[in-house]
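Here's the structure, in structure tokens; my notes come after.
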Amino acid sequence: MNRRAIIPWGLSILAFVVILLAESIRIRTGERPLPVAWSASGMVLAAVVVLRWWTVDEGRFETAVQATNPLPDLPLHPRRYLNVIVAAMVVGLVATVAITWNFYLGAGIYLVMHLCLMAAFSGILHLQPRRIWRSVVLRRPSLLTSFWLIVTPLVYVLFVYNGPLTLIVAPYVAALGLMALVVWLGLAYRQRPLLFRVAAALGAASFVFSDALIGHMVFVDPETPLVFLISPTYVLAIILLSQSLLFWPEVLVREDAPLASISRRE
């Protein structure tokens, strides 16, 4: 393993262990230790900061993204992905804290997080429907991933909807579904490592699952026995979404050379 990947890997694993600890305390005592739960999101943010500015070689990442671009006449913007994915995790940490005080405020901030995630992935994926439709490589996979436009509203209707008042979260559900669709479009970029693409896709799916559970708890059944899965599936989601680059070893800083010298050569 690349030695520079050890810290983000370690922080991510620790974040998941911490959120499991927080949920085990909730199960035993009936009270959720909020600072412990919040610290898990903080660790994921720390991991993505380390990944962005210490583990990933920006020059190598730029080269790798453009080399695997199925529409080479339309350049991508890898730096946008690197920077905005950090911003998304910052917003997510704020939302994690805010939602414990006010559900609707937290949901609104999480909606901003989904917009940030879509903006981040727009740096490494083509999102223009016309260009996607004209591409032999991208057309069929994009049609397959559009199932999220059906699945997400269906999940909302089955698990969250409980009268007209619950329509207030419809904009959030739309943003959540679009985020999942955008991330899953990355599966079509088959020249990129499979684990990199699958990790991000599973992260988006885990986010949808977590939000379905919290919506069910808030609007349908506050005593749902699945409440203990909400936070772990959320933390798993942000780990997979923000740390998927660890599965693309070619874009990491080489262990035999300093970052600055590599960036100049690239």
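The values are calculated or read from the model by the stated rules, or taken from the named source; none is laboratory data. If you're wondering where the values come from, they're calculated on a predicted model, not measured in any experiment. No Cβ is skipped: glycine too gets one built from the backbone with ideal geometry, and neighbour counts run over all protein chains shown.
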Worksheet item: Looking at (1) exposed (fewer than 15 other Cβ atoms within 10 Å of the Cβ); (2) under 27 Å from Gly59 (Cα atoms), which is the one condition that is false for Thr100?
Response: (2)
Discussion item. On the basis of being assigned to a helix (DSSP H, G or I) and touching a residue at least 60 places away in the same chain (Cβ under 8 Å), does Leu115 make the cut?
Written reply: yes
Item to complete: State which residue is farthest from His114 (Cα to Cα) when the search covers only segment 127-147 and only residues that are hydrophobic (A, V, I, L, M, F, W, C), surrounded by 11 or more Cβ atoms within 10 Å (Cβ to Cβ) and without any contact (Cβ under 8 Å) to a residue 60 or more places away in the chain.
Response: Trp133
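Report, by residue number, each residue of segment 51-62 that is in contact (Cβ under 8 Å) with a residue 40 or more places away in the chain and either crowded, with 19+ Cβ neighbours inside 10 Å or closer than 16 Å to Arg80 by Cβ (or both). Before the answer, list the steps.
First, the residues of segment 51-62 that are in contact (Cβ under 8 Å) with a residue 40 or more places away in the chain: 51, 54-62.
Listed by number, the residues that qualify are Leu51, Thr55, Val56, Asp57, Glu58, Gly59, Arg60, Phe61, Glu62.
Just need a number here: residues in segment 209-232 that are among the β-branched types (Val, Ile, Thr), assigned to a helix (DSSP H, G or I) and surrounded by fewer than 22 Cβ atoms within 10 Å (Cβ to Cβ).
Initially, segment 209-232 is screened for residues among the β-branched types (Val, Ile, Thr), giving 214, 218, 220, 224, 227, 230.
Restricting the remaining residues to those that are assigned to a helix (DSSP H, G or I) gives 214, 218, 227, 230.
Checking which are surrounded by fewer than 22 Cβ atoms within 10 Å (Cβ to Cβ) leaves us with 218, 227, 230.
Number of matching residues: 3.
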Practice prompt. Return yes or no: is Val65 surrounded by 21 or more Cβ atoms within 10 Å (Cβ to Cβ) and more than 18 Å from the chain's Cα centre (by Cα)?
Written response: yes
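Of all residues in segment 242-266, count the ones that are crowded, with 16+ Cβ neighbours inside 10 Å and either closer than 24 Å to Ala180 by Cβ or modelled with pLDDT of 85 or more (or both). Quick ask: steps written out before the conclusion?
First, the residues of segment 242-266 that are crowded, with 16+ Cβ neighbours inside 10 Å: 242-248, 251-253, 259, 262.
Right, trim to either closer than 24 Å to Ala180 by Cβ or modelled with pLDDT of 85 or more (or both) and you get 242-248, 251-253.
Number of matching residues: 10.
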Response to the item:
Of the residues in segment 103-121, those that are surrounded by 21 or more Cβ atoms within 10 Å (Cβ to Cβ) and of a type in the set (Ser, Thr, Tyr) come to Tyr110
Worksheet item: If a residue has to be within 22 Å of Val112 (Cα to Cα), surrounded by fewer than 19 Cβ atoms within 10 Å (Cβ to Cβ) and not small (Gly, Ala, Ser) to count, how many in segment 173-204 make the cut?
Response: 2
Response to the item:
Just one listed residue, out of Thr152, Thr166, is surrounded by fewer than 21 Cβ atoms within 10 Å (Cβ to Cβ), on the phi < 0 side of the Ramachandran plot and touching a residue at least 12 places away in the same chain (Cβ under 8 Å), and it is Thr166
Worksheet item: Does Ile124 qualify as being buried (at least 16 other Cβ atoms within 10 Å of the Cβ), touching a residue at least 60 places away in the same chain (Cβ under 8 Å) and outside any helix (DSSP H, G or I)?
Response: yes
Practice prompt. Among the candidates Ile109, Ile85, Ile132, single out the residue that is part of a helix (DSSP H, G or I) and under 16 Å from Ala188 (Cβ atoms).
Written response: Ile132
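Is it the case, given these coordinates, that Arg3 is among the basic types (Lys, Arg) and loosely packed, with under 15 Cβ neighbours inside 10 Å?
Details: among the basic types (Lys, Arg): yes; loosely packed, with under 15 Cβ neighbours inside 10 Å: yes.
Yes; evaluated as a whole, the condition is true for this residue.
From the list Asp221, Asp211, exactly one residue is at pLDDT below 95 and closer than 30 Å to Pro35 by Cα. Which is it? If you could, list the steps in order and put the result at the bottom.
Numbers: Asp211 fails: at pLDDT below 95.
Just one listed residue meets the conditions, Asp221.
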